[in-house]
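To start, the structure itself, in structure tokens.
The values are calculated or read from the model by the stated rules, or taken from the named source; none is laboratory data. From a predicted model like this one, the values you see are computed outputs, not experimental measurements. When we count neighbours, we look across all protein chains shown, and the Cβ atoms used for this are built from the backbone with ideal geometry, even at glycine. Calculation scope for accessible area: heavy atoms of the full protein, side chains included, ligands and nucleic acids excluded. Shrake-Rupley method; radii C 1.70, N 1.55, O 1.52, S 1.80 Å.
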Amino acid sequence: MPATIRALATIMRDRGIVPELEIFDLGMINFAHVLQREGILVGEFPANIFLGNVAGIQATPSELGIAVDRLPAAVHWNGAGLGDAQNSATMMALAAGGGVRVGLEDGIYLDYRREQLATNAALVERAHQSIRLLGRRVMTPTEYRVSVLGR
């Protein structure tokens, strides 16, 4: 698997494609550092830190903090929660100054009781409400590309 990741990251670098890292455990963060030292990951790039996987980073402030602390300096991070952790991961990530990733791919329910099926629109709206409650502002896709990715 590391050989495949190296090969794909090299192709992306050579074509000017900004990779988006998917981080489920601390070993993936370590591998990002390795790829940077090898000159394969260059420039700034986003990373989604997934919380709540039974074998990965848990949806707690301390585990999110450790993951964020260990990220390469060039990373703009987003928190994402799997299943029941989606809402708490969103809140923790926003409170810690990160961005968020939400969507049905990560969890299909809007509530913890699993009584209300989510839609992508509802998940995005809830994230927007949380952002506003924290006194932050939602970036447009163009603002994100320019401000975070420099493109």
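Across segment 59-71, which residue is surrounded by the most Cβ atoms within 10 Å (Cβ to Cβ) among those that are in contact (Cβ under 8 Å) with a residue 40 or more places away in the chain and within 17 Å of THR90 (Cα to Cα)? Explain how you work it out, then say what you get.
At the first step, the residues of segment 59-71 found to be in contact (Cβ under 8 Å) with a residue 40 or more places away in the chain are 66-67, 70-71.
Now restrict to residues that are within 17 Å of THR90 (Cα to Cα): 66-67.
On the way: ILE66: 13, ALA67: 23.
Ranking the qualifying residues of segment 59-71, first place goes to ALA67.
Residues in segment 131-145: is at least one surrounded by 17 or more Cβ atoms within 10 Å (Cβ to Cβ) and under 27 Å from ALA55 (Cβ atoms)? Checked against the condition, which is being surrounded by 17 or more Cβ atoms within 10 Å (Cβ to Cβ) and under 27 Å from ALA55 (Cβ atoms), segment 131-145 yields no hits at all.
Here is a check on your reading of the model: is VAL18 of a type in the set (A, V, I, L, M), over 20 Å from VAL148 (Cα atoms) and assigned to a loop (DSSP other than H, G, I, E, B)?
Numbers: of a type in the set (A, V, I, L, M): yes; over 20 Å from VAL148 (Cα atoms): no; assigned to a loop (DSSP other than H, G, I, E, B): yes.
Answer is no for this residue.
Please name all residue pairs, on different chains or six or more residues apart, with Cβ atoms under 8 Å, provided the first residue is in segment 80-97 and is more than 12 Å from THR60 (Cβ to Cβ) and the second residue is of a type in the set (Lys, Arg) and part of a helix (DSSP H, G or I). Short answer, once both residue conditions are applied: ASN87/ARG126; THR90/ARG126.
What residue, among those in segment 23-58 that are open to solvent by 70 Å² or more (accessible area, probe 1.4 Å) and outside any loop (DSSP other than H, G, I, E, B), is farthest from MET91 (Cα to Cα)? Among them, the one singled out is ARG37.
Select from segment 100-118 the residues that are open to solvent by less than 70 Å² (accessible area, probe 1.4 Å) and free of Cβ contacts under 8 Å to residues at least 40 places away in the same chain and write down the one among them that is nearest to PHE45 (Cα to Cα). So that I can check it myself, show each step before the final result.
Within segment 100-118, the subset open to solvent by less than 70 Å² (accessible area, probe 1.4 Å) is 100-104, 106-107, 110-111, 118.
Narrowing further to those that are free of Cβ contacts under 8 Å to residues at least 40 places away in the same chain: 100, 102-104, 107, 110-111, 118.
Details: VAL100: 15, VAL102: 18, GLY103: 20, LEU104: 23, GLY107: 25, LEU110: 29, ASP111: 31, ALA118: 29 Å.
For segment 100-118, the residue satisfying everything is VAL100.
The lone criterion from (1) within 14 Å of the chain's Cα centre (by Cα); (2) farther than 21 Å from GLU143 by Cα; (3) surrounded by 14 or more Cβ atoms within 10 Å (Cβ to Cβ) left unmet by HIS76 is number (2).
Exactly one residue out of LEU94, LEU8 is among the aliphatic types (A, V, I, L, M) and open to solvent by 30 Å² or more (accessible area, probe 1.4 Å): that is LEU8.
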